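The values are calculated or read from the model by the stated rules, or taken from the named source; none is laboratory data. These numbers were taken from a predicted model, which means no experiment stands behind them. Heads up, the Cβs are rebuilt from the backbone with ideal geometry, glycines too, and the neighbour counts pull from every protein chain shown.
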Amino acid sequence: MFVFVYGTLTDPEQVATVFGDSSQYEFAGRATLEGCHRVDGRYPTLAPGGSVDGRLLAVDDAGLERLDRYEGVDSGLYVRVEVSTGSGVEDEDDRCWVYVGDPVRLDVDVTWPGDGPFCDRVRRVASRRVVVVR
């Protein structure tokens, strides 16, 4: 599976630190996330609209768990959401994961549309296929 990274995880040395001696990842090339732009706060995050360049990481399930721990998913620092690759084919190869940081926790002025918890608002925007990795 693929993960779109746009911040500290674009640095190969940082990724090697996160994964340690394991070979649970591979850089799979450069990509652009359309429908969101990068905002810098305590750590980088995303906001609706625009685009951001980054990289794709190919990871297995164990690698995804390591990334979840690194991004603080359990504590709510970041939420992991599924986005489309824009291929138009609805299968596993059409999906990619991306981490979006909680604006309140990262001290940035970002508003995700809609009501409810932050993670639900981000997932709703991503599910409408307005956020796409190319």
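See the values below:
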quantity: Failed criterion for Arg124 (all others in (1) within 24 Å of Phe19 (Cβ to Cβ); (2) at pLDDT below 95 hold); calculated: (1)
quantity: Leading residue by the ranking (farthest from Thr45 (Cα to Cα)) among those in segment 6-17 that are crowded, with 18+ Cβ neighbours inside 10 Å and among the aliphatic types (A, V, I, L, M); calculated: Val15
quantity: Condition check for Arg55: among the charged types (D, E, K, R), at pLDDT 90 or above and over 15 Å from Phe19 (Cβ atoms); calculated: no
quantity: Condition broken by Gly86, with the remaining ones in (1) in a loop (DSSP other than H, G, I, E, B); (2) modelled with pLDDT under 90; (3) at negative phi satisfied; calculated: (3)
quantity: Residue match in segment 69-78 (condition: in contact with an Asp or Glu (Cβ under 6 Å, 6 or more places away or on another chain) and basic (Lys, Arg)); calculated: no
quantity: Any chance Gly35 is touching a residue at least 24 places away in the same chain (Cβ under 8 Å), outside any strand (DSSP E or B) and crowded, with 17+ Cβ neighbours inside 10 Å; calculated: no
quantity: Counted residues, segment 2-52 - those being charged (D, E, K, R), in contact with a Leu (Cβ under 8 Å, 6 or more places away or on another chain) and more than 20 Å from Asp68 (Cβ to Cβ); calculated: 2
quantity: Neighbours by Cβ (under 9 Å, 6+ apart or cross-chain): first from segment 61-75, of a type in the set (Asp, Glu); second part of a helix (DSSP H, G or I); calculated: Glu71/Leu9; Asp74/Asp68
quantity: Any chance Asp74 is touching a helix residue (DSSP H, G or I) at 6+ places or on another chain (Cβ under 8 Å), at pLDDT 90 or above, surrounded by fewer than 13 Cβ atoms within 10 Å (Cβ to Cβ) and not β-branched (Val, Ile, Thr); calculated: yes
quantity: Odd one out for Asp53, checked against (1) farther than 21 Å from Phe118 by Cβ; (2) part of a strand (DSSP E or B); (3) in contact with a Gly (Cβ under 8 Å, 6 or more places away or on another chain); calculated: (3)
